[in-house]
1. Can you give me the distance in nm between label points at residue 109 and residue 37, each placed 7 Å from the Cα along the Cα-to-Cβ direction?
2. Where in segment 89-108 does the label zone of residue 176 land, with the point 7 angstrom along Cα→C-beta and an amide N cut-off under 20 Å?
3. Suppose we keep just the DSSP beta bridges with both residues in segment 19-209; what percent of those would be antiparallel, to 5?
4. Is segment 19-209 best put as rounded, prolate or oblate by its Cα gyration tensor, with a ≥ b ≥ c the root eigenvalues, rounded for a/c under 1.5, and otherwise prolate when a/b is larger than b/c, oblate when not?
5. What list do you get for 118, 67, 206 if you sort them by fewest beta carbons within 10 Å?
6. Which order results if 65, 158 are arranged by neighbouring Cβ count within 10 Å, fewest first?
Amino acid sequence: MRVYGTDRTDGAGAAAGVPVVAGLVLAAGGGRRLGGRPKALLRHRGRPLVEHALSALRSGGCGPVHVVLGAAAEQVCAEADLTEGVPVENPDWAGGMGSSLRSGLDSFADCGAAAVVVVLVDQPGIGAAAVRRVLAAGGGRRDALVSAAYGGERGHPVLFGADRWPEITRTAIGDRGARAYLRAHAPELTLVECGDVAEPYDIDTVADLDRLERPGMESPRGERRQGE
């Protein structure tokens, strides 16, 4: 793991006595089913997906925000505006999402955050409104475990209280990410319905690319568009 910089909001909330809730974008994938194009740089409404994910966390109230990169990390840093976040390189990104989640949580070791909200770079239909709901449900608690839900089904964003990070990093293996942890702790999980403000589709294959330019649930400012 390599952390490239320091976020301008690191420790600010903790110093003021307000619980810091960090944000984490998992953006390391190589887009194998998309012809090897890194998902972070796919464009949606004129901007790379990684910028949309970073903006959703920032506008939703998270900070600091770290962005885990892997495939074409240098290219992503050069072509995307990541000034509102901290790029974190995961050299083991090809091993699956689990290694990226571990790298991301490890990168917050010294920031004093009480919790972290995690989003995936390939879900542009999820924006600031969903982040705000999940963050509010967590209440800044170090033992919080919260997930957005869509029609009652668990999805992203997901909030993990800092007290849970050590066990999550031990169990995040391969492409499973935190799924095993969430299943094991299902009785402790708070679900927050977000289907009215977000859409949980993924950009995984070439057939999904037509979703990138269609109108979505949120405007660039994170507010729901009327009539959609």
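1. Taking the simple label geometry, residue 109 and residue 37 are separated by 3.7 nm.
2. Residues 92-106 fall inside that zone.
3. Close to 35 percent.
4. Numbers: a/c = 1.41, a/b = 1.29, b/c = 1.10.
Rounded shape, in that the Cα axes give a/c under 1.5.
5. On the way: 118 25, 67 31, 206 12.
Ascending Cβ contact count within 10 Å gives the list 206, 118, 67.
6. Values: 65 25, 158 22.
The most exposed by this proxy come first: 158, 65.
A short reminder: the numbers here are calculations on the coordinates, not readings from a lab. Since the structure is predicted, the reported quantities are computational estimates derived from the model, not experimental observations. With ideal geometry, Cβ positions are generated from the backbone for all residues, glycine too; neighbour counts draw on all protein chains shown.
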